[in-house]
Amino acid sequence: MRLAEPSLFTRIRRSDLWWSFTQHKAAMAAAALLVLLILAAAFAPWITPQNPYDPAQLDLWNAELPPIWMERGQWPYLLGTDNQGRDMLSAILYGSRSSIIIGIGSVVLSLLIGISLGLMAGFFGGITDTVLMRVGDVLLSVPTILIAMLVSAMARAALPPGLREVGAGAVLVLAITLSAWVQYARTVRAQTAVERRKEYVQAARLLKVPARRIMVKHILPNTMTPILVAATLNFGMAILTEATLSFLGIGMPPSQPSLGTLIRFGNQYLFSGMWWMVIFPVLQLCLLVVSVNLLGDWLRDALNPKLR
């Protein structure tokens with residue numbers, strides 16, 4: 001009698017990676033914090049007292065209120081309000097949602113581009129490898145933030161005025177992607193160049209298996225370990241890049257606040273006593289990035305065979 005195969009959840013619980021995760025207290029704490037932050041951002045419309053995107057919900061009479069535990073603090077503004085009467089907790093959670101979506105979108109798009117070009121460069125070699133890697137070298141010679149600033153400024157100038165605010169998130173995803181795909185491409189290219197010389201790839205070629213199938217079905221799974229680590233760490237970097245661009249005024253517009261936009265406006269009032277307008281967005285940004293980096297550090301150690 002054939003035994004039933006264990007479920008996906010059972011296989012995960014029995015895996016070495018899950019055991020390593022349960023033994024790493026910092027990784028468990030970081031994962032719990034990251035899940036909490038993502039869920040809070042995702043359910044922001046249901047847990048916040050107002051929609052900071054809706055001008056009809058803003059009340060100038062409640063502007064510049066301090067956090068609730070200070071004198072003049074009012075319910076339900078737990079973290080106070082800004083100079084427009086916008087609840088800071090609502091703005092932070094909505095802003096976190098924008099930052100997280102941009103971070104995920106840029107990482108996914110960077111993965112698609114980087115993995116595809118890296119597989120082609122490593123598998124075919126020759127002129128394909130030379131051209132793709134030289135393009136990557138040129139991009140690596142320029143600081144990431146400068147590439148993102150240039151792409152963001154050019155895209156905004158090309159868009160009609162009515163679409164600039166609507167397409168701000170897509171422009172940021174594109175700007176971050178064009179400066180981030182190179183790392184994935186170089187990693188996959190190096191792994192592919194090694195794998196293509198192995199016997200199983202040579203056998204597949206002798207059997208006339210299409211090159212695309214060899215790359216996707218056989219080589220790609222053997223290159224995913226360093227890619228997963230890089231994607232995790234780059235997620236935090238993408239959030240920081242978005243915050244930097246928004247802080248410089250070429251990221252998300254004021255009508256669609258992200259964490260960088262909130263920090264930019266709050267910084268103007270830091271020395272006037274309204275510290276909560278900048279401190280709380282900065283704290284949220286730090287928690288997001290630190291939790292992602294801790295997970296990335298654990299994943300790098302857990303997937304390193306030399307440390308097992």
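The values are calculated or read from the model by the stated rules, or taken from the named source; none is laboratory data. Bear in mind the structure is a predicted one, so any value in this text is a computation, not a measurement. Don't worry about glycine lacking a Cβ; one is built from the backbone with ideal geometry, like all the others, and counts go over all protein chains shown. Surface accessibility is based on the protein's heavy atoms, side chains included, excluding ligands, DNA and RNA. Shrake-Rupley method; radii C 1.70, N 1.55, O 1.52, S 1.80 Å.
Structure notes:
- Selection from THR232, ALA153, LEU93 lying farthest towards where the dipole of the chain points positive, charges on Cβ: THR232
- Accessible-area composition of the chain, carbon plus sulfur, in percent [1.4 Å probe]: 67
- When the inverse distances between all different Cα atoms of segment 172-292 are averaged and flipped, the Kirkwood radius reads 17.4 angstrom.
- Dipole in debye (nearest 20) - the chain, about Cα centre, beta carbon charges: Lys, Arg +1; Asp, Glu -1: 1720
- Rounded to 10°, Cα long-axis angle of helix 25-42 versus longest principal axis of the chain: 60
- Potential lengthening of the chain between LEU36 and ARG134 amounts to 31.1 nm, from the contour at 0.36 nm per residue minus the alpha-carbon distance.
- Taking the longest Cα principal axis of the chain as reference, the axis of helix 144-158 is set at about 70 degrees.
- For the chain, alpha-carbon Rg relative to the globular expectation (2.2 N^0.38 Å, N residues): 1.19
- Fully extended contour minus Cα-Cα distance, from PHE124 to ILE145, at 0.36 nm per residue: 4.4 nm
- Ranked by how many other beta carbons lie within 10 Å on average, peptides 133-145, 86-98 from highest: 86-98, 133-145
- For segment 128-205, Kirkwood radius (reciprocal of mean inverse C-alpha pair distance, Å): 14.8
- Quarter of the Cα convex hull surface for segment 94-175, i.e. its orientation-mean projected area (nm²): 6.4
- Gyration tensor (alpha-carbon) shape descriptor, segment 227-277, a/c threshold 1.5: prolate
- Report summary: the helix-based calculation at 222 nm, which adds -39500 (n - 2.57) for every DSSP H run with n ≥ 4 and divides by the residues of the chain, gives -22000 deg cm²/dmol.
- Taken one residue at a time, the phi angles of segment 288-297 give Karplus couplings (6.51, -1.76, 1.60, θ = phi - 60°) of 4, 5, 5, 5, 5, 5, 5, 5, x, 5 Hz. Gly and Pro are set to x.
- Applying Stokes-Einstein at 25 °C and 0.890 mPa s to the Kirkwood radius of segment 99-255, computed over alpha-carbon pairs, gives a translational diffusion coefficient of 147 µm² s⁻¹.
- On full extension, the segment bounded by MET224 and LYS25 gains 69.2 nm, given 0.36 nm per residue less the C-alpha separation.
- Reference-scaled alpha-carbon Rg (2.2 N^0.38 Å with N residues) for segment 169-216: 1.63
- Summing Cβ point charges (Lys, Arg +1; Asp, Glu -1) relative to the Cα centre of segment 193-308 gives a dipole of roughly 900 debye.
- Amide H partners (placed H, <5 Å) of LEU65, local residues excluded: THR81
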